[in-house]
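S.K.: Quick one: the structure is below, questions incoming.
Computed from the coordinates by the stated procedures, all read-outs in this text should not be read as laboratory data. Predicted, not measured: the structure shown is a model, and the values here were computed from it. Cβ: placed from backbone, ideal geometry, glycine included. Neighbour counts: every protein chain shown.
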Amino acid sequence: NAGVTQTPKFQVLKTGQSMTLQCAQDMNHNSMYWYRQDPGMGLRLIYYSASEGTTDKGEVPNGYNVSRLNKREFSLRLESAAPSQTSVYFCASKAVSSGANVLTFGAGSRLTVL
Amino acid sequence: QKEVEQDPGPLSVPEGAIVSLNCTYSNSAFQYFMWYRQYSRKGPELLMYTYSSGNKEDGRFTAQVDKSSKYISLFIRDSQPSDSATYLCAMSGDTGRRALTFGSGTRLQVQP
């Protein structure tokens, strides 16, 4: 029962470098999400995917791209990293329980951009 | 102005105290209200959720929603050091694509 698995857990980049954060879920959920968490800002939605083959922008999409590779996997790419993208990134998948959106989160990926 | 406001704390209480955590919101379309708990360097995990107004109890935890005041609360009875974490409120209007809007979280410390 792994739930949502994110890799890597930690990463340090230099400004302008690129990288991809990987996320996989084994709960057969249709919807998946990428959030970033910054002090005092809470969790802000970057991109989401309501189902395999679809992706949509969230609240803070600039500087990011996503790929919904299949039902299990949803990756987040930083093409040219900037110090403002230093954050903790969380992937989540969604189940609907009694009408409520219930998100299961991964453990997070802590990214520092120098 | 943020859609969901939450006092960041930290809130420090002695073991055994009753803790009250609160959020206010501005979007009257919100119908589902949730509380997530996040331990340091971990992902948030769902504690409980409620629909519309009213109370819901689960063990030592009680969630309360007052839609007329746009105010939600989480009460923790007989608080334990293991309750030390950041508590995030979250809410949504429906089961639509955009999922949840989160508060910024309140950090709670329960002193033994």
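S.K.: Does residue A:76 meet the test of being crowded, with 20+ Cβ neighbours inside 10 Å and not aromatic (Phe, Trp, Tyr)? I'd like the intermediate steps shown before the answer.
M.R.: Numbers: crowded, with 20+ Cβ neighbours inside 10 Å: yes; not aromatic (Phe, Trp, Tyr): yes.
The answer is yes for residue A:76.
S.K.: So, one more: May I ask you to verify whether residue A:84 is touching a Gly at 6+ places or on another chain (Cβ under 9 Å), away from chain B (no Cβ under 14 Å), part of a loop (DSSP other than H, G, I, E, B) and surrounded by fewer than 19 Cβ atoms within 10 Å (Cβ to Cβ)?
M.R.: The answer is no for residue A:84.
Quick grid of which residues meet (1) in contact (Cβ under 8 Å) with a residue 24 or more places away in the chain; (2) under 17 Å from residue B:100 (Cβ atoms):
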| residue | (1), (2) |
| --- | --- |
| A:10 | yes, no |
| A:16 | yes, no |
| A:29 | yes, yes |
| A:63 | no, no |
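S.K.: Another question, then. Determine which single condition residue B:75 fails, assuming it passes every other condition in (1) hydrophobic (A, V, I, L, M, F, W, C); (2) part of a loop (DSSP other than H, G, I, E, B); (3) within 21 Å of residue B:109 (Cβ to Cβ).
M.R.: It is condition (2) that residue B:75 fails.
S.K.: Which ones in region A:50-65 are more than 14 Å from every other protein chain (Cβ to nearest Cβ), within 12 Å of the chain's Cα centre (by Cα) and of a type outside the set (S, T, N, Q)?
M.R.: A:64
S.K.: Any chance you could count how many residues in region A:43-74 are assigned to a strand (DSSP E or B) and touching a Lys or Arg at 6+ places or on another chain (Cβ under 8 Å)? Walk me through it before giving the result.
M.R.: Residues of region A:43-74 assigned to a strand (DSSP E or B): A:43-49, A:56-57, A:64-68, A:73-74.
Checking the rest, the ones that are also touching a Lys or Arg at 6+ places or on another chain (Cβ under 8 Å) come to A:43-49, A:56, A:64-67, A:74.
Counting residues in region A:43-74 that are assigned to a strand (DSSP E or B) and touching a Lys or Arg at 6+ places or on another chain (Cβ under 8 Å) gives 13.
S.K.: Could you list, in sequence order, the residues of region A:1-21 that are over 18 Å from residue A:103 (Cβ atoms) and in a strand (DSSP E or B)? Show your work before the answer.
M.R.: Let us first name the residues in region A:1-21 that are over 18 Å from residue A:103 (Cβ atoms), namely A:7-20.
The answer is A:7, A:10, A:11, A:12, A:13, A:19, A:20.
S.K.: If you take the residues in region B:1-57 that are part of a loop (DSSP other than H, G, I, E, B) and surrounded by 20 or more Cβ atoms within 10 Å (Cβ to Cβ), which one is farthest from the other protein chains (Cβ to nearest Cβ)? If you could, list the steps in order and put the result at the bottom.
M.R.: Step one: filter region B:1-57 for residues part of a loop (DSSP other than H, G, I, E, B), giving B:1-3, B:7-10, B:15-18, B:26-31, B:39-44, B:52-53.
From the residues that got through so far, the ones that are surrounded by 20 or more Cβ atoms within 10 Å (Cβ to Cβ) too are B:30, B:43-44.
Details: B:30: 11, B:43: 3, B:44: 5 Å.
Ranking the qualifying residues of region B:1-57, first place goes to B:30.
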